[in-house]
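The values are calculated or read from the model by the stated rules, or taken from the named source; none is laboratory data. On a predicted model such as this, the values are computed, not experimentally measured, just so you know. Quick note on the areas: whole protein, heavy atoms, side chains included, nothing else; ligands and nucleic acids left out. Shrake-Rupley method; radii C 1.70, N 1.55, O 1.52, S 1.80 Å.
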Amino acid sequence: MKSSILKHFTGPVIAGILMSVTPIVFTSLLTYYAILHESDIAGFTAWQWAGITLLCAITSAALTPPTMLALIFGYFLGWQAVLPLFLVNMGGILFINLLVRWLDHERFLSFLRRNPKAQSVLDRILNKELEVIFFAKLSPILPFGLTNLLFALSGAQLKNILLGGLLGMMPRTLLAIWSGHEAREIRTLLENPNQSSWTQIIIVVLVIVSIAGLWQVIQRALK
């Protein structure tokens with residue numbers, strides 16, 4: 001019994017669980033640190049922000065939620081945060097793909113191939129992978145690291161993951177930067193990032209468009 005359960009805890013499964021749980025914990029720690037050291041962060045030099053960007057490009061793969069980073073970067077850097085956050089998002093995607101090469105990727109695919117129906121659905125969806133990635137990334141509620149892991153494991157092309165990730169993440173990243181830029185207090189921003197009615201409306205719209213888009217793509221793939 002125990003051995004059969006343990007067999008299901010492959011590298012990708014463990015990584016998926018960690019990427020779902022750790023961002024929640026890390027968000028709380030990041031919020032606490034940013035509030036406690038607001039004046040110190042405000043005095044960071046360009047080189048310090050460059051170092052933070054490089055670090056976050058790695059940690060965003062599993063630890064640091066990019067939307068939370070966009071709020072903080074937007075609060076301190078304003079619209080100058082666009083380029084660093086672009087590098088953070090792309091760096092997180094690249095790091096996940098490198099990580100997948102070290103995990104039991106083939107075991108995951110062989111597990112899918114045992115179920116012809118699941119493999120057939122996956123093959124059809126991969127024909128529309130750019131659209132699937134775009135709509136998945138558009139949703140503010142889907143974990144960044146987990147979706148990157150799933151797309152990497154599925155065999156999606158890196159160029160489509162990067163392009164779809166860039167286009168899909170752009171609306172919510174710009175929204176978060178704007179929210180951070182307009183905020184007067186970092187405590188209020190991080191403890192209630194969606195306090196603006198316009199922000200709430202846009203988030204709901206992004207979620208609806210994401211779900212509708214994914215549903216349409218999957219339905220077309222299954223025909």
Self-check item: region 38-46 - phi-based ³J(HN,Hα) in whole Hz, Karplus 6.51/-1.76/1.60, Gly and Pro as x
Solution: 4, 5, 5, 5, 4, x, 4, 7, 4
Quiz item: Considering only protein heavy atoms, what is the solvent-accessible area of residue 154 at a probe of 1.4 Å, reported in Å² to the nearest 10?
Solution: 20
Quiz item: Averaged per residue, what accessible surface does region 136-201 expose to a 1.4 Å probe, in Å²?
Solution: 48
